[in-house]
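This report refers to the structure that appears directly beneath it.
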Amino acid sequence: MNLKKYIGAAVFFVLISTVAIVWSAPFLWMITASFRPHTFGGLDMASLWPNFVPTIDNYRMAWESTEFVLYYINTIIIVIGILAVQLVTITLAAYAFARLDFPFRTFLFYLFLLQLMIVPPILIVPNLKTMVTLGLYDTLIGVMAPYFASAFGTFLLRQTFKSIPRDFEDAAVIDGCSWFQVLRYVLIPLAKPALIAFSIVSVVAHWNEYLWPLMVTDSPGKRTLTIGLASFTRGAEGASEWGLIAAGTMLVMLPLMLLFFAFQKQFINSFMFSGIK
Amino acid sequence: MASIAFKQIYKSYGNISVIKGIDLEIKDGELVVFIGPSGCGKSTMLRLLAGLEEEDSGSMYIGDSLVNSIAPKDRNIAMIFQNYALYPHMTVAENIGFGLKLRGMNKKNRIRAVDETASLLGLEHLLTKQPRQLSGGQRQRVAMGRAIIRNPKVFLMDEPLSNLDAKLRNQMRIEIKKLQRRLKTTTIFVTHDQIEAMTLADRIVVLNDGKVQQVGAPSKLYSSPVNKFVAGFLGSPSINFIHARRTGDNELTLPDGQCVLLPVDQAQILSDLREVEIGIRPEQIDIVKSRQTTMEENTITWSSSVSLIESLGSEKLVYSYHGEHEVAVKTTNSNGAVEGSNIQLSFSMNNAHLFALNDGRCLSPLAGIAQKGSI
Amino acid sequence: MRDNTTTHGKKRLVKSFFNAEHIKAWLYLSPALLFLLLFTYYPMVQVLWDSFFHRPYGADKELFVGFDNYSRLLNDENFITAVKNNFIYAIGTVIPSIVIGFGFALCLTQSSRFKNCIRSLLFFPTLVPLVAAAALWMFIYFPGIGLLDYYLAKLGIQSTDWLGSPDNALYSLMMLTIWKNAGFYMLFFIAGLQGIGEEYYEAASLEGAGWWQKLRYVTLPLLGPTSAFVFVIALIHVFTHVDHVIVMTLGGPMGSTNLVLYYIYQNAHEFNDLAKATTATVLSVMVLLAISFFSIRTMERGIHYES
């Protein structure tokens, strides 16, 4: 019986490890290939085994061949800009939905939730038109604006606020808090896990976003990392520069990758949390 | 320090009216307990005075100032909540000092004030702890600390002991009473527990259905309830009610056919009522030796079988029946009654209260005076 | 007394019109509402309106054309192909990624250092930009020397034209999507599985249920709401992500990987046929609305079931 259990555990271990390795193969390849010397023969390009002296030539070339610095800056501005505005809009809206009583509350709530389904990417054509009208075409604000309101964030935070007993707010009011101080000293600290979860999900989503920035920007100075990577890839693919593509991809992924492996538990919990309705 | 006055307070939520015209005055330094069943409006009254809810009409005074339109933080009150509402993300010291911080007191003075309050309540060693690390009694003390540190004019306590176990509840009750005696701060204490009300209060306010039923010292409310509700609400076990029909000017007939003659002054109050209820406290009924037949003029005697006996140690609760009514008796001398045995019970009408069957008001002369006095 | 109550009632009525709480609520909602109005509600109406107008080539203003755009769209072979492709793509990615995600979750629900590590590895593709994943998978699919062919060759399997052949290309994209999303769905299932109380399994054990019976009669029914949620997320994903199409195939070869959103993008961005792009958007919005209507009902049922 004990032996049977032991063998079962071993089989499970081997199987699940194999699956995980196969699943990670694209990344293993990416890492190997990105450090592979440029002169290395093309036929063994796919080998996952690092049978060479690693070099950072690919990274250097990738870094020099496109405006990665600019793309990084643009992407960071977009991600932080979206998040900053979102945190304000979702906190206020979630507070209203969780704590205040007003006509059409349920109806409005459903109206908000509509954005969970009719997500901005599906509305690229009319939104593009709106951006042109508003004079926001080819601006970073134009990239950000459709995401300034978040049904998901509002919903998540509303649930969180609703789970906080009202007594805390009453106590704070009697202690002398203004409405803003109640939010600042009581509700926001208590909703921190939800706010962090939302922030992580939002940052990841907008760091990775491609189609909308591609549509709404035109000049090279407004491009984001993903757009840069896509055009870079197109160029390098023609020349079969796979090591270069691997290095470029790595550069785009690196910040989130490092954050993920540093705060694994936080990331996993955030994405898990995002599904608990 | 301040007196409190409620004048013609009304409050409703949507179509449900919860407070239906309350007038009440509380003296400076008094500890008043609001008691009533859930939904009677007792917590709403507190929240109205605190400014957490807005009254529909009426006025409220703390001291001489009308507070209706004053923001909660400027009413100079402190409140203790049922679940304490200690901010979970702050330490004990931060919790206690939060109100002072908001009022802009500098850090040095704040720390001194927190230390003083903590030593008053025996919390010195807990100041750096988080609320979740504390026991129920400690949390209760922190909540008190948060309330007293600002030296408010009024304490509002919303069932502050109901989350504690029985033993701790008694202990904290005594502490609250001692603290209140010492600080002499006007206090309103809301509870549904009549023992808390009886032991703590200078005066009790019994509320039901959004109205004040009776106000008075605990012993007075117990001995002279103005209506059936107050009589039934205070006292454990509850007062016993026995239905009676009027069969003559001063004659009542009980369901078992027994007649009793009322003294003339009591009979007058009956006026033209046809049906009444006799209320008799469990400790006012005696279990007498069977075959005891000496019957006084206005004594009611009957026999019944014992359905249950509960022992409280020194006293016993003996349950039996009078007709269809279950009757509880609290006695130190059960005269050998055992479950299933037949006993003889008796009480004197001098100790009984008479209530009108239609509206429940008390008909006894003493209670009548009390009623005029308080409403 | 009666008079008193009526004036009292009047006062309340007046109050509700100028209710401070209502005003506050609208104030707090207004920033979010403004952006939703501008970029969600207004565009939905706008596309519907625009779908009845068309500016013919060279004309200087738009003309009302009734359902002309719709008939042009439905007669566009490319659109029909895109719809068909999207249908296959939906079925071929949603179901496998959910099944695989659920399988992963079953293996990895209990936390341990090892399992958490595996979880992270399986989840990681979700965090990667679809563009980056597409760049990597381009090499994986590269004929002959790519990762897939290189290792398949070691098993004696001949080289395949994964992306270049109209028969394979859509399925190749589907594999990428499944790889990218299964780990995401796994997380939801893990959360769902962790929410099922141990006592259900204990009760089932006492009644003599085996592993399969526990899965069939305890786990699956109790995961109903989670599954419905994941299903809807997966469906939305299918209609709103085409980055990999743009990077890897540009809808080709021969339209075999054209998806509806890519079709919209292409008509708006390259062909300048805004009328078609707009009309296709209207149809997509309608499909998503239908899904939301259906899913709100399922979710409500799910919630009902839970309680």
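The values are calculated or read from the model by the stated rules, or taken from the named source; none is laboratory data. Fair warning: this is a prediction, and the values are worked out from it, not measured in the lab. With ideal geometry, Cβ positions are generated from the backbone for all residues, glycine too; neighbour counts draw on all protein chains shown.
Numbers at a glance
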item: Of all residues making up segment A:115-146, the number that are closer than 17 Å to A:Ala84 by Cβ and touching a Pro at 6+ places or on another chain (Cβ under 6 Å); result: 2
item: Selection within segment C:99-108 - closer than 13 Å to C:Leu220 by Cα and crowded, with 16+ Cβ neighbours inside 10 Å; result: C:Phe102, C:Ala105
item: Residue match in segment B:148-156 (condition: hydrophobic (A, V, I, L, M, F, W, C) and either in a loop (DSSP other than H, G, I, E, B) or not assigned by TED's automatic domain parsing to the domain that holds B:Met79 (or both)); result: yes
item: Residue check for B:Lys73: crowded, with 16+ Cβ neighbours inside 10 Å, at pLDDT below 90 and over 21 Å from B:Arg203 (Cβ atoms); result: yes
item: Lone unmet requirement of (1) more than 10 Å from every other protein chain (Cβ to nearest Cβ); (2) part of a helix (DSSP H, G or I); (3) in contact with a Phe, Trp or Tyr (Cβ under 8 Å, 6 or more places away or on another chain); (4) of a type outside the set (Gly, Ala, Ser) for A:Asp218; result: (2)
item: Residue match in segment B:42-55 (condition: surrounded by fewer than 21 Cβ atoms within 10 Å (Cβ to Cβ), touching a Leu at 6+ places or on another chain (Cβ under 9 Å), of a type in the set (A, V, I, L, M, F, W, C) and assigned by TED's automatic domain parsing to the domain that holds B:Gly137); result: yes
item: Some residue of segment A:161-172 being out of contact with any Pro (no Cβ under 9 Å at 6 or more places or on another chain) and within 25 Å of A:Tyr147 (Cβ to Cβ); result: yes
item: Filter result (aliphatic (A, V, I, L, M), under 14 Å from the mean Cα position of the chain (by Cα) and more than 9 Å from chain A (Cβ to nearest Cβ)) within segment C:230-251; result: C:Ala234, C:Leu235, C:Val238
item: So A:Ala9, is it small (Gly, Ala, Ser), touching a residue at least 12 places away in the same chain (Cβ under 8 Å) and assigned to a helix (DSSP H, G or I); result: no
item: Residue match in segment B:120-142 (condition: in contact with a strand residue (DSSP E or B) (Cβ under 9 Å, 6 or more places away or on another chain), farther than 28 Å from B:Leu24 by Cα and among the polar types (S, T, N, Q)); result: yes
item: Considering residues of segment A:221-264 that are at pLDDT 90 or above and not in a helix (DSSP H, G or I) only, the residue farthest from C:Val131 (Cα to Cα); result: A:Arg223
item: Qualifying residue in segment A:167-186 (condition: of a type in the set (A, V, I, L, M, F, W, C), closer than 30 Å to A:Val125 by Cα and at pLDDT below 95); result: no
item: Residue within segment A:176-198 that is within 30 Å of A:Val69 (Cβ to Cβ), assigned to a helix (DSSP H, G or I), within 14 Å of chain C (Cβ to nearest Cβ) and in contact (Cβ under 8 Å) with a residue 12 or more places away in the chain present; result: yes
item: From the options B:Asp64, B:Asp115, B:Asp74, B:Asp56, residue that is within 13 Å of chain A (Cβ to nearest Cβ) and among the acidic types (Asp, Glu); result: B:Asp74
item: Filter pass, A:Phe232 being within 10 Å of chain C (Cβ to nearest Cβ) and in contact with a Gly (Cβ under 6 Å, 6 or more places away or on another chain); result: yes
item: Residue ID - nearest to the chain's Cα centre (by Cα), chosen from residues in segment B:86-100 that are among the hydrophobic types (A, V, I, L, M, F, W, C) and either at pLDDT below 90 or part of a helix (DSSP H, G or I) (or both); result: B:Ile96
item: Hits in segment A:235-260 (condition: surrounded by fewer than 19 Cβ atoms within 10 Å (Cβ to Cβ), more than 15 Å from C:Ile140 (Cα to Cα) and within 8 Å of chain C (Cβ to nearest Cβ)); result: A:Met257
item: Hits in segment A:119-153 - residues which are surrounded by fewer than 23 Cβ atoms within 10 Å (Cβ to Cβ) and of a type in the set (Val, Ile, Thr); result: A:Val119, A:Thr130, A:Val132, A:Thr133, A:Thr139, A:Ile141
item: Residues that are touching a residue at least 60 places away in the same chain (Cβ under 8 Å) and more than 8 Å from chain C (Cβ to nearest Cβ), drawn from segment A:98-130; result: A:Ala98, A:Arg99
item: Only listed residue being assigned to a helix (DSSP H, G or I) and at pLDDT below 90, chosen from C:Ser284, C:Ser292; result: C:Ser292
item: Any hit, segment B:142-150, residues being of a type outside the set (Ser, Thr, Tyr), surrounded by fewer than 16 Cβ atoms within 10 Å (Cβ to Cβ) and at pLDDT below 90; result: no
item: Listing of helices (runs of 4 or more DSSP H) fully contained in segment C:1-78 that carry 2 or more residues being modelled with pLDDT under 70, within 37 Å of the chain's Cα centre (by Cα) and surrounded by fewer than 16 Cβ atoms within 10 Å (Cβ to Cβ); result: none
item: Count of segment B:131-144 residues which are under 21 Å from A:Cys177 (Cα atoms) and away from chain A (no Cβ under 12 Å); result: 1
item: Search result, residues across segment C:252-271 that are in contact (Cβ under 8 Å) with a residue 24 or more places away in the chain, more than 12 Å from chain A (Cβ to nearest Cβ) and either surrounded by fewer than 24 Cβ atoms within 10 Å (Cβ to Cβ) or assigned to a helix (DSSP H, G or I) (or both); result: C:Gly252, C:Pro253, C:Met254, C:Gly255, C:Ser256
item: Candidates B:Val276, B:Val260, B:Val215, filtered to the one that is β-branched (Val, Ile, Thr) and under 30 Å from B:Ile16 (Cα atoms); result: B:Val215
item: Qualifying positions in segment A:1-44 - within 11 Å of another protein chain (Cβ to nearest Cβ) and at pLDDT below 75; result: A:Gly41, A:Gly42, A:Leu43, A:Asp44
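Yes/no matrix, rows are residues, columns are (1) buried (at least 22 other Cβ atoms within 10 Å of the Cβ); (2) on the phi < 0 side of the Ramachandran plot; (3) over 14 Å from the mean Cα position of the chain (by Cα):
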| site | (1), (2), (3) |
| --- | --- |
| B:Asp158 | yes, yes, no |
| B:Glu175 | no, yes, yes |
| B:Leu179 | no, yes, yes |
| B:Val190 | yes, yes, no |
| B:Ala197 | yes, yes, no |
| B:Asp209 | no, no, yes |
| B:Lys220 | no, yes, no |
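Yes/no per residue for (1) away from every other protein chain (no Cβ under 13 Å); (2) over 30 Å from A:Leu15 (Cα atoms); (3) out of contact with any Phe, Trp or Tyr (no Cβ under 6 Å at 6 or more places or on another chain):
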{"site": "C:Lys61", "(1), (2), (3)": "yes, yes, yes"}
{"site": "C:Ser71", "(1), (2), (3)": "yes, yes, yes"}
{"site": "C:Pro96", "(1), (2), (3)": "yes, no, yes"}
{"site": "C:Ile100", "(1), (2), (3)": "no, no, yes"}
{"site": "C:Arg113", "(1), (2), (3)": "no, no, yes"}
{"site": "C:Ile118", "(1), (2), (3)": "no, no, yes"}
{"site": "C:Pro129", "(1), (2), (3)": "no, no, yes"}
{"site": "C:Ala133", "(1), (2), (3)": "no, no, yes"}
{"site": "C:Phe139", "(1), (2), (3)": "no, no, no"}
